Amino acid sequence: MRKRRQILYQICGIFLGISCMLSACHEKGETFTSVAAVEADAGDKKNEAESKAAEEKPDKEKADPGGEEKEGSIWVYVCGEVASPGVYELQEGDRITHAIEAAGGLTEAAGQVYLNQAAHLTDGQRIYVPSREEEQTLKEEDSPSDMADAGMEKDTGIINLNTATKAELLSLSGIGESRAEAIIAYRETNGGFRKIEDLKKVDGIKEGIFQKIREQITVE
């Protein structure tokens, strides 16, 4: 009888131990599931935040180029013998050499003597860089002193209609080959310009072009 009781006690102990083990495993499994769920939720929120930031970043970058002009900025058109002709934004006080640098520098065919690269820039100015062949022709037409001073007054970037060379006239906005030649022909025929408004008497130069360049020209 005693032996049977001992066996029953042992069996009960075994079942009790198994029951405790199963209960502990169940609780542990729920804990792991809960932790995994929290981690997964945190990961989803992080990915969502990163995606949102990635979407907003390009919009901000696109907004900058279309923003307001910076205070003190000017726009100039650089053409002729430069690596990348085009319109560039520079700062007040910059000189022609800065505009050439912005356009990628001079080409191998560019003349480097005739154009006064130390002259100051003005807003809306057109800068034409002649080739070596064009430069040679201009040298033959002008004396050394003319090359230093003619057309563009020192440190102002202002074009003198009565002394400017063809290359210097081409630096004005809206003035191409034919109009530059017409300006030179007019001053030779009429003894020069008496006032800047006389420029409108030149064939091909209307009020619109005159208004664009009136701040860049002089007759004195």
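The values are calculated or read from the model by the stated rules, or taken from the named source; none is laboratory data. These figures come from a predicted structure and were not determined experimentally. Methodologically, a virtual Cβ is constructed for each residue, glycine included, from the backbone with ideal geometry; neighbour enumeration extends over all protein chains shown.
Table for the structure above
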quantity: Residue within the stretch 124-131 that is buried (at least 20 other Cβ atoms within 10 Å of the Cβ), more than 26 Å from residue 208 (Cβ to Cβ) and charged (D, E, K, R) present; calculated: no
quantity: Condition check for residue 156: farther than 21 Å from residue 135 by Cα and either among the aliphatic types (A, V, I, L, M) or modelled with pLDDT under 85 (or both); calculated: yes
quantity: Hey, residue 128 under 14 Å from the mean Cα position of the chain (by Cα), modelled with pLDDT of 85 or more and not basic (Lys, Arg) or not; calculated: no
quantity: The stretch 100-130, subset touching a residue at least 40 places away in the same chain (Cβ under 8 Å) and of a type in the set (Val, Ile, Thr), residue nearest to residue 90 (Cα to Cα); calculated: 122
quantity: Given (1) in contact with a Leu (Cβ under 7 Å, 6 or more places away or on another chain); (2) within 24 Å of residue 213 (Cα to Cα); (3) of a type outside the set (Phe, Trp, Tyr), index of the condition residue 112 fails; calculated: (2)
quantity: Filter result (under 21 Å from residue 109 (Cα atoms) and either outside the structural domain of residue 122 (by TED's automatic domain parsing) or among the aromatic types (Phe, Trp, Tyr) (or both)) within the stretch 76-90; calculated: 77
quantity: Subset of the stretch 105-125 that is assigned to a strand (DSSP E or B) and farther than 17 Å from residue 173 by Cβ - its residue that is modelled with the highest pLDDT; calculated: 106
quantity: Residue in the stretch 80-98 that is modelled with pLDDT of 85 or more and over 27 Å from the mean Cα position of the chain (by Cα) present; calculated: no
